[in-house]
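Heads up: the structure comes next, in structure tokens.
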Amino acid sequence: AAFKEEIKNASASNQEELEAYRMRFISRKSVLGDLFNEIKNIAPEDRKAYGQSVNEVKQLAEDKFKELISSLESSSGSESSKAPIDLTLPPLENLGTLHPLTIIHNRIVEIFQKIGFNVAEGPEIEDDFHNFTALNFPENHPAREMQDTFFIESNPDIALRTHTSSIQIRVMENQKPPFRTLAPGRVYRNEAISARAHCFFHQVEGFFVDENVGLVDLKQTLYYFAKELFGEDTKVRFRPSYFPFTEPSAEMDISCNICHGEGCNVCKYSGWVEILGSGMIDPNVLENCGIDSEKYTGFAFGMGIERIAMLKFQVNDLRLYSENDVRFLNQFKSLS
Ligand code: PHE
């Protein structure tokens with residue numbers, strides 16, 4: 001009876017008091033445990049009545065325990081749940097920003113979408129055919145070593161793609177020309193990480209295949225692109241180059257928009273910076289994808305997003321892009 005009284009009057013205004021109550025009446029070592037243990041000392045004819053009354057106390061203790069828990073919860077929750085929402089508070093201060101590479105990626109896609117390009121994607125883990133063979137890299141040819149490759153399996157070779165040109169192959173073998181496609185993605189190369197090189201980076205590939213596509217279309221398209229991205233005053237120049245999958249091939253430079261002719265270390269005092277590789281798609285590549293190279297011709301280009309973002313935003317170390325330092329990322333807030 002004394003316990004019943006004590007239970008009825010129990011209260012808990014914090015977790016410690018609740019725990020103390022639990023130890024006294026609910027836990028295995030509670031006073032009720034002792035009462036149950038007493039049962040062997042009770043005369044057999046009284047045991048039933050004794051057991052019943054201990055069970056009553058136990059029930060009472062458990063009901064009270066639930067009551068204490070719920071009243072404790074509602075009292076601790078009351079402050080925040082009852083306070084009205086202050087609609088005049090300023091919006092969150094710590095909103096994220098778009099990553100600079102995302103900003104450039106989006107901008108490039110937008111520029112090419114305006115002239116009718118669609119966007120395609122492909123896998124980052126590639127087989128030899130899509131990354132090399134179909135792109136006219138001869139078997140065991142040193143040209144394969146132009147791009148230091150991370151191989152995953154050999155014979156047949158599976159690797160992390162070294163360029164987005166593999167997407168060109170995937171689209172061309174699965175769809176019918178004409179193509180006017182942009183293929184962005186992450187690529188991997190086995191290079192020592194430094195301010196100017198990383199083991200992964202991002203490229204945007206583009207290709208245009210139709211009847212009567214010529215070098216003039218390549219030049220005019222890339223000229224339009226350079227002006228859209230870097231501004232009306234941008235000058236471009238094409239330099240002959242070599243890629244196994246294009247013939248002829250050219251690299252495109254833009255006039256350095258940082259030094260304005262005075263010389264700087266971005267353009268190495270030359271006034272020009274290389275931004276992409278390009279060329280007329282080699283007929284062998286079209287044939288490898290089942291496209292009639294007598295009927296169709298095309299051009300392709302590929303550019304590195306990191307490099308372009310470096311020029312646009314004057315970033316001097318490639319590693320900054322993947323370090324997730326908010327002091328770096330926050331600088332792009334106004335552009336997001
Ligand atoms: N795939 C080449 C590279 O990664 C770039 C390129 C793409 C060149 C398309 C020509 C045509 O260096």
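Read-outs throughout are calculated quantities, based only on the coordinates presented, and are distinct from any laboratory measurement. Source: prediction; values computed, not measured. Neighbour counts run over all protein chains shown; Cβ positions are idealised from the backbone, glycine included.
The slack in the chain from S74 to N94, taken as 0.36 nm per residue of separation less the alpha-carbon distance, amounts to 4.1 nm. Taking a ≥ b ≥ c as the square roots of the eigenvalues of the Cα gyration tensor, an a/c ratio of 1.5 or more together with a/b larger than b/c marks region 183-336 as prolate.
The peptide list 301-309, 229-237, 185-193, 38-46, put in order of mean Cβ contacts within 10 Å with the highest first, becomes 301-309, 185-193, 229-237, 38-46.
Taking other Cβ within 10 Å of each residue's Cβ, how do M172, M23 sort, fewest first?
With the fewest neighbours first, M172, M23 line up as M23, M172.
Name the residue, out of L311, L89, L182, whose mean-square fluctuation peaks in a Gaussian network model built on the chain with Cα pairs under 10 Å. Largest GNM mean-square fluctuation: L89.
Counting beta carbons within 10 Å around each of V285, V109, V204, V171 and listing the fewest first gives the order V109, V171, V204, V285. Cα gyration tensor of the chain, axes a ≥ b ≥ c as square roots of the eigenvalues: rounded (a/c below 1.5), prolate (a/b > b/c) or oblate? Note, shape of the chain comes out prolate. For the chain, the 222 nm mean residue ellipticity estimated from helices alone, with every DSSP H stretch of n ≥ 4 adding -39500 (n - 2.57) and the total spread over all residues, rounds to -11500 deg cm²/dmol. Within the same chain, lysines fewer than 8 places from K312 are excluded, and of the rest, those with a Cα less than 29 Å from its Cα are K114, K219, K227, K235, K268, K333. As a calculated quantity, the FRET efficiency between Q175 and K295 at R0 = 22 Å, using C-beta atoms, amounts to about 0.90. Selection among A20, V109, T88 by position relative to the dipole of the chain gives A20 as farthest towards the positive end (Cβ unit charges, Cα centre). For the chain, modelled as a GNM whose springs connect Cα atoms under 10 angstrom apart, the maximal fluctuation among G279, G33, G271 occurs at G33.
Within region 201-230, the GluC sites (Glu not before Pro) that combine a DSSP coil assignment with at most 11 other C-beta atoms in a 10 angstrom radius are E211.
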